[in-house]
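Derivation of every value follows stated rules applied to the coordinates shown; laboratory data play no part. Model, not experiment: these values are computed from the prediction. Cβ placement follows ideal geometry from the backbone for every residue including glycine, while neighbour counts extend to all protein chains displayed.
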Amino acid sequence: MILRIVKYVLHDILRSRIALAYTLFLLVASFGLFNISGDVSKGLVSILSVVLIVLPLMSLVFATVHFYNSYEFIELLSAQPLKRDTILLGEYFGVALSLCTAFIIGVALPVVLYDFSPTGLSIIGIGLLLTFVFVAIAFLGAVCTRDKARGIGVALLLWFFFALIFDGIALFLIFTFQDYPLEKATIAMVALNPIDLARTIVLLQMDVSALMGLTGAVMQEFLGSTLGICYSIGVLVIWILAPVWLSVTIFRKKDL
């Protein structure tokens, strides 16, 4: 039954103008950055920056809005002899897979055409992982509150925190306690931000950890490229599983 829900959600979303606009934006931006830079490596770095900013924002806001707009459909399904776990997971995978489809067309296709390399593939991989992560976070926020305006506000606040505020807090703590050994604390700190983890995976793959500042240097020195990438991917998977599990647990007991 979960596959039927996923199929319905996919069909509904992929026909929407928002999904089409998102796909076209990524496609135009990707081809444009590759052609403007003239250098494939510079194009990949530019695309990485776009992915780390736009993709979390779109995933959070779109998934949140979709959840509230589908509330009547969810209530209808809840009245049927279906487990709530099945309903929520069907909605989650439907939204996540639809956004992944847009990402594959808009970013993965140009990257494969211009630079079918480990670095290019890592950008595709972290884009897909980040989509699942932030859709999971969006569903958790939407399940916790019934008010649509508040839910969208929470989604925007979370994006603002992960994309901008977190790095400022991390730099403040590093400079404040610079006289103390912070290597292990820095590794633990980066695990609290999926965007930083995604950036770590790609830049360690490119072997340009100096561009990441202290975080990249610590990852390179204490974990090494391979172990650092595995660590980052493992934590990103936890970032997917934990919000999904919490969402299902809350939704199971939620009064619709």
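Observations
- Among Arg199, Arg15, Arg146, the residue with the largest mean-square fluctuation in a Gaussian network model of the chain, with springs joining Cα atoms closer than 10 Å, is Arg15.
- Ranking of Asp85, Asp39, Asp196 by count of other Cβ atoms within 10 Å, fewest first: Asp39, Asp85, Asp196
- Among the helices of the chain, those built from whole DSSP H runs whose Cα atoms reach 27 Å or more along their own axis and whose mean Kyte-Doolittle hydropathy is at least 0.5 are 17-37, 40-69, 84-103, 118-144, 224-253.
- A straight line joining the Cα centroids of the stretch 17-82 and the stretch 84-104 runs 13 Å.
- In the chain, helical runs assigned H by DSSP with n ≥ 4 each contribute -39500 (n - 2.57); averaged across all residues and rounded to the nearest 500, the mean residue ellipticity at 222 nm is -26500 deg cm²/dmol.
- Evaluated over the chain, the count of Lys pairs having alpha-carbon atoms less than 20 Å apart is 5 (only pairs 8 or more residues apart or interchain).
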